[in-house]
Amino acid sequence: GSVEVHHANEFLHTENGSNPNENFTKALFNAIGDVPTDGGTVFRWSAHENTVLSSLLSSSEISCLLSVEEHAALSALLNNGSHAMIDLCKLAQNYFYVDGSGGSSSIKKLLTPTMTVSSHLRDIYEKPSYNGKNFKDFQWFRRDTNGNIVDPYELLLQREDDSELSQNDRVAHGIAAAAAFHELQSNNHMDASERERLESSLLRYCELDTLAMVMIVQAWQGFLD
């Protein structure tokens, strides 16, 4: 059956010129808790999350700011930890192929082709009923005039709710996300409204990146039912 999805937490540190590492590490623990004790499974896509978390936890600057319990709980999520994060990208590489992906295991290459062949995703997302922290009554499953599924990341560029946001500030891929974060961190002359719009665009992109992993898993569940 279908599992209800909640976008429970998010974190974006945009304080000008400030290192986000300490706040991020604390926010991560507060979001997921002590997985070895409380239970649950943490997913990731590819090696990046493991690499970054490992680097943070091995830093004396960060380690000294964490309690013993916090450090142990986050360390358990690393490769070879007692509750290591599950790499969905590796599962996709080894066991999943869909026409239209070009054999790629990039989540952005897989998402639209997977939506195309998944009736389960169509049933969940074809109505304007998705609600998260940055979306309200949103419809992810849409077709263009030729009947093809519209790439959800393209929908981020078609924001009807913010006409003042320039096309360059509509974050829909990783390079744009990195550029937007750099702008928020380094631009001392950005006015409050422009900063708020750029933060909103970045948060929407981050929410979709997380939801994309959920969608892939939901599609796999649908194929197995």
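The values are calculated or read from the model by the stated rules, or taken from the named source; none is laboratory data. Everything numeric in this text was worked out from a predicted model, so none of it was measured. Neighbour counts are summed over all protein chains in view; Cβ atoms, including those assigned to glycine, are modelled from backbone coordinates with ideal geometry. Ligands, DNA and RNA are stripped out before the accessible areas are found, and what is left, the full protein with its side chains, is counted by its heavy atoms. Shrake-Rupley method; radii C 1.70, N 1.55, O 1.52, S 1.80 Å.
The alpha carbon radius of gyration of the stretch 1-122, expressed as a multiple of 2.2 N^0.38 Å, is 1.25. Less than 5 angstrom separates the built amide H of Phe43 from those of Ile86, all sequence-distant by 5 or more or on a different chain. In this structure Arg122 has an accessible area near 90 Å², from a 1.4 Å probe over the protein heavy atoms.
Expected output is a single nm value to one decimal: the length gained when fully extending between Val52 and Glu183, i.e. 0.36 nm times separation in residues minus the C-alpha distance. What is it?
On the way: separation 131, 0.36 × 131 = 47.16 nm, distance 2.14 nm.
Net length gain for the segment: 45.0 nm.
Entry note, the chain: the mean residue ellipticity at 222 nm calculated from DSSP H runs of n ≥ 4, each adding -39500 (n - 2.57), is -15000 deg cm²/dmol after division by the residues and rounding to the nearest 500.
Full extension of the chain between Asn30 and Ser119 yields a length gain of 28.5 nm, computed as 0.36 nm times the residue separation minus the alpha carbon distance.
Note the direction-averaged projected area, equal to a quarter of the hull surface, for the Cα convex hull of the stretch 50-157, in nm². Spell out each step's value before the answer.
Values: hull surface 40.0 nm².
The directionally averaged projection comes out at 10.0 nm².
Centre-to-centre, using Cα atoms only, the stretch 33-88 and the stretch 124-145 are separated by 32 Å. A probe of 1.4 angstrom, applied to the heavy atoms of all protein chains, finds Cys206 with accessible area near 60 square angstrom. Across all Cα pairs in the stretch 47-112, the calculated P(r) in 5 Å bins from zero up to the longest distance comes to 3, 16, 21, 16, 12, 10, 10, 7, 3, 1 percent per bin.
Give the relative contact order (percent, whole number) for the stretch 48-110; include only Cα pairs under 8 Å separated by 6+ residues.
On the way: 37 pairs, mean separation 12.9, N = 63.
Computed value for the stretch 48-110: 20 percent relative contact order.
Taking all protein chains together, His71, His13, His173 sort by accessible area into His173, His71, His13, largest first [probe 1.4 Å]. Remark: the stretch 106-115, residue by residue, has Karplus-estimated 3J(HN,Hα) of 5, 4, 6, 7, 8, 4, 5, x, 5, 4 Hz, where x stands for each Gly or Pro and the curve is 6.51 cos²θ - 1.76 cosθ + 1.60 at θ = phi - 60°.
May I ask you to compute the full-extension gain from Ser63 to Val42, defined as 0.36 nm times their residue separation minus their alpha-carbon distance, rounded to one decimal in nm? Can you show the working numbers first?
Working: separation 21, 0.36 × 21 = 7.56 nm, distance 2.11 nm.
Once the chain is fully extended between Ser63 and Val42, it gains 5.4 nm.
Surface analysis of the stretch 102-225 yields an accessible area of 52 Å² per residue, using protein heavy atoms and a 1.4 Å probe.
Approximating the spin labels as points 7 Å out from Cα along Cα→Cβ, the Asn19-to-Asp144 distance works out to 4.5 nm. Highest mobility in the GNM of the chain, judged by mean-square fluctuation with C-alpha springs under 10 Å and restricted to Ser54, Ser101, Ser67, is found for Ser67.
Rounded to the nearest 20, the Cβ-based charge dipole of the chain about its Cα centre (Lys and Arg +1, Asp and Glu -1) stands at 600 debye. Debye-formula intensities of the chain, expressed as log10 I(q)/I(0) at q = 0.08, 0.11, 0.12, 0.13 Å⁻¹, are -0.33, -0.64, -0.76, -0.89 (one equal scatterer per alpha-carbon, no solvent).
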